[in-house]
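Heads up: the structure comes next, in structure tokens.
The values are calculated or read from the model by the stated rules, or taken from the named source; none is laboratory data. Just so we're clear, the structure is a prediction, and the values are computed from it rather than from any experiment. Using ideal geometry, Cβ is built from the backbone for each residue, glycine included, and neighbour counts are taken over all protein chains shown. We work out accessible area using only protein heavy atoms, side chains counted, and drop any ligands, DNA or RNA first. Shrake-Rupley method; radii C 1.70, N 1.55, O 1.52, S 1.80 Å.
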Amino acid sequence: MTLEDLRVFVAVCRAGSLSAVARELGCTQSAVSQHVKRLEREAGVSLLERRPRGVVPTHAGRVLCDAATDSIAGLDLALRRVGDLVNGDSGSVRVTTGGTTVRHFMSEAVVAFRQRYPKVSLEFRTETSSRNCFDALTAGNLDLAWVTIDGPVRGIEQRPVVALPWVLAVRADDPLADQPCVHPAEFGDISLIRLPQNSTSGARLDAAFAELGVRAGSHTCVADWDTALLLAELGLGHAVVPVLPGWEVPGDGPLRLVPVPALPPLPVSWAVRRWDALTPLARTFADTVARSCT
């Protein structure tokens, strides 16, 4: 078996489809299948179970996939560290995160890091959810993921950075705009602008509402908190959002942010495969972002 066989096999287990991996790698489905067959001959057991809508790993396949994922991740990190030793301060830092994260959490840190390490390449891969960030971190040659915390994830270490309080975004002419805070009982007649259900922050907000017995209606769904703020400012609904770094809401403008103290803060964190194997440059960038956020 070869390292490439293992990489392709892990990708197939993750995608659940030979054809999807073939498209991703720019090769034929037959070529992907050959990688898997070579592993099955070496192992002497079937590793994939074919189903009408794709493939899933067998029990033996899951054992091999878990081991291969950990081994490939460790090898990739080792090669990155060797590269940094060879290149000095001209390596790279690769980060996966949401589309608006850099603007809100990392803009100040990016400038400071770039001034200190002008030759280092900063690469950002955008994902639509924390779960996708975890998958990309596990499968790809990435250093860091900036995620919303939602419990432990196998093979991933998370380090909390900041907890974000929640506020209700309303127009300045809304009856709730001048209140010092909003209580859960007041959400009954409010139409909320919500994030998709597959987002971790949206799921945490729903869970908090359920714990408090809040049943707020929703007629509008958006992909990010910035859009939720804009629609609230336009009067298309109310938005319960975390207070993100970099938001500036003028006191005399059309929008107000009213605290919702009953909601538990939203924790965000760095996630890595192994902190002790992180490259020095990636560790420095993570620490720079953490300092700028706190």
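Which pairs have Cβ atoms under 6 Å, sit 6 or more apart or on different chains, and link a residue in region 166-182 that is closer than 24 Å to L266 by Cα and open to solvent by less than 10 Å² (accessible area, probe 1.4 Å) to one that is assigned to a loop (DSSP other than H, G, I, E, B) and of a type in the set (G, A, S)?
Final answer for the pair search is V170/A177.
Going through region 117-138 one residue at a time, which ones are among the acidic types (D, E) and in a loop (DSSP other than H, G, I, E, B)? Write out each step before concluding.
Let us first name the residues in region 117-138 that are among the acidic types (D, E), namely 123, 127, 135.
Across region 117-138, the qualifying residue is only E127.
Would you check if there is a residue in region 3-18 being of a type in the set (D, E) and out of contact with any Pro (no Cβ under 8 Å at 6 or more places or on another chain)? Even if it seems obvious, please write down each step before you answer.
Step one: of region 3-18, the residues of a type in the set (D, E) are 4-5.
Next, from what is left, pick out any that are out of contact with any Pro (no Cβ under 8 Å at 6 or more places or on another chain): 4-5.
Yes, some residue in region 3-18 is of a type in the set (D, E) and out of contact with any Pro (no Cβ under 8 Å at 6 or more places or on another chain).
Within the set of pairs 6 or more residues apart or between chains, which connect a residue that is assigned by the TED database to the domain that holds E49 inside region 1-30 to a residue that is part of a loop (DSSP other than H, G, I, E, B) and crowded, with 16+ Cβ neighbours inside 10 Å with Cβ atoms less than 8 Å apart?
F9/L47
Mind counting the residues in region 183-205 that are closer than 15 Å to G217 by Cβ, out of contact with any Leu (no Cβ under 6 Å at 6 or more places or on another chain) and surrounded by 12 or more Cβ atoms within 10 Å (Cβ to Cβ)?
So the answer is 7.
Looking at L205 and the list (1) more than 16 Å from P242 (Cα to Cα); (2) within 26 Å of the chain's Cα centre (by Cα); (3) of a type in the set (A, V, I, L, M, F, W, C), which single condition is not satisfied?
(1)
Criterion first (more than 19 Å from the chain's Cα centre (by Cα), under 30 Å from A78 (Cβ atoms) and among the basic types (K, R)) does R291 satisfy it?
Values: more than 19 Å from the chain's Cα centre (by Cα): yes; under 30 Å from A78 (Cβ atoms): yes; among the basic types (K, R): yes.
Yes, satisfied.
Kindly provide the set of residues from region 67-85 that are under 23 Å from F134 (Cα atoms) and without any contact (Cβ under 8 Å) to a residue 40 or more places away in the chain, ordered by number.
Quick first cut of region 67-85, residues under 23 Å from F134 (Cα atoms) only: 67-81.
Matches in region 67-85: A67, L79.
Report, ordered by the first and then the second residue, all pairs with beta carbons closer than 8 Å, sequence separation of six or more or different chains, a first member in region 134-148 that is assigned by the TED database to the domain that holds D276, and a second member that is part of a loop (DSSP other than H, G, I, E, B) and open to solvent by less than 10 Å² (accessible area, probe 1.4 Å).
Listed by first residue and then by second, the contacts come to D143/L278; D143/T279; L144/L278.
Within region 265-286, track down each residue that is over 17 Å from I149 (Cα atoms), part of a helix (DSSP H, G or I) and either at pLDDT below 85 or not charged (D, E, K, R) (or both). Walk me through how you get there before you give the answer.
Going residue by residue through region 265-286, those that are over 17 Å from I149 (Cα atoms) are 276-285.
With part of a helix (DSSP H, G or I) added as a condition, the list becomes 276-277, 280-285.
D276, A277, P280, L281, A282, T284, F285, listed by residue number.
Which of the following residues is touching a residue at least 24 places away in the same chain (Cβ under 8 Å), closer than 20 Å to V102 by Cβ and not assigned by the TED database to the domain that holds A78: L230, L281, L192?
Numbers: L230 fails: touching a residue at least 24 places away in the same chain (Cβ under 8 Å); L192 fails: closer than 20 Å to V102 by Cβ.
It is L281.
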